[in-house]
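Input: a single structure, listed below in structure tokens.
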Amino acid sequence: MASINDLQQELNRQGKQLKLKINDNHSTMLSVRWEPDCTRVSMHRIFLNAPLNVMQELSCYILEEKKEIPRVKAYIEEQTQDLDYSAQLDRKKLYCQGDIYNLQSVFDNLNKEYFQNQLNLSITWFGKVGQKNRSRVTFGLYYDPLKLIKIHRLLDSPLFPDYMISYVVYHEMLHNVCPSYVDERGINQVHNKEFKERERKFEHYRLAQSWIKEHQEYFFAER
């Protein structure tokens, strides 16, 4: 079974309907909701050209015959790296200038020193200065479809030395250069070997790691 028509026929045989939506958004690549009388599936357009083995695994998952879908995950990881929705960014909502640090300046310096000015990414602050998650703080995020780096405003503080800001931005830039992938076990390798090797090339890597270790209880422990 591989086609949508085959899947529809099998669900009909089980007394259910398939309500399928093909989307072109940059957030959810696949969503499946099993309801009593129907199965709702929203999938990105990348699945329209998916190979047979991927569609077979996806069909088994939708039919609740399989719980693990490593081929589907790997296909999503591979395909999303070619998606570029950066033109959809509302750049008026991007804020680089903080009270202390200017993210664009930090990015530009790193781009020149480590990447030969080859990275064309956007960067902005997110969150609030005094906001801290109950269990941990996410210093930075990289959102590949939008080619966007987001740095937590908590870092825009005298508590954070300039090498820490640079390290966090550099770390997120590496996610563009060393993209994640799903290995043969179906595990998403976010910080793979190449990523870690390049991360250690940051000039103040050891200093940044020592700072994180010293402040780990405050930023990463339950409070």
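The values are calculated or read from the model by the stated rules, or taken from the named source; none is laboratory data. Just so it is clear, the structure is predicted and the values come from calculations on it, not from any experiment. Cβ: placed from backbone, ideal geometry, glycine included. Neighbour counts: every protein chain shown. What goes into the accessible areas is simple: the full protein's heavy atoms, side chains included, and nothing from ligands, DNA or RNA. Shrake-Rupley method; radii C 1.70, N 1.55, O 1.52, S 1.80 Å.
Laid out as a table, the results:
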quantity	calculated
Scope the range 109-132; condition over 20 Å from the mean Cα position of the chain (by Cα), without any contact (Cβ under 8 Å) to a residue 60 or more places away in the chain and either more than 17 Å from Met164 (Cα to Cα) or surrounded by 15 or more Cβ atoms within 10 Å (Cβ to Cβ) (or both); matching residues	Lys112, Gln116, Asn117, Gln118, Lys128, Gly130, Gln131
Filter pass, His152 being open to solvent by less than 20 Å² (accessible area, probe 1.4 Å), farther than 17 Å from His26 by Cβ, within 19 Å of the chain's Cα centre (by Cα) and not hydrophobic (A, V, I, L, M, F, W, C)	yes
Residues (free of Cβ contacts under 8 Å to residues at least 40 places away in the same chain, surrounded by fewer than 17 Cβ atoms within 10 Å (Cβ to Cβ) and under 20 Å from the mean Cα position of the chain (by Cα)) located in the range 33-77	Ser42, Arg45
Count of residues meeting criterion [polar (S, T, N, Q), open to solvent by less than 40 Å² (accessible area, probe 1.4 Å) and touching a Leu at 6+ places or on another chain (Cβ under 8 Å)] in the range 78-108	1
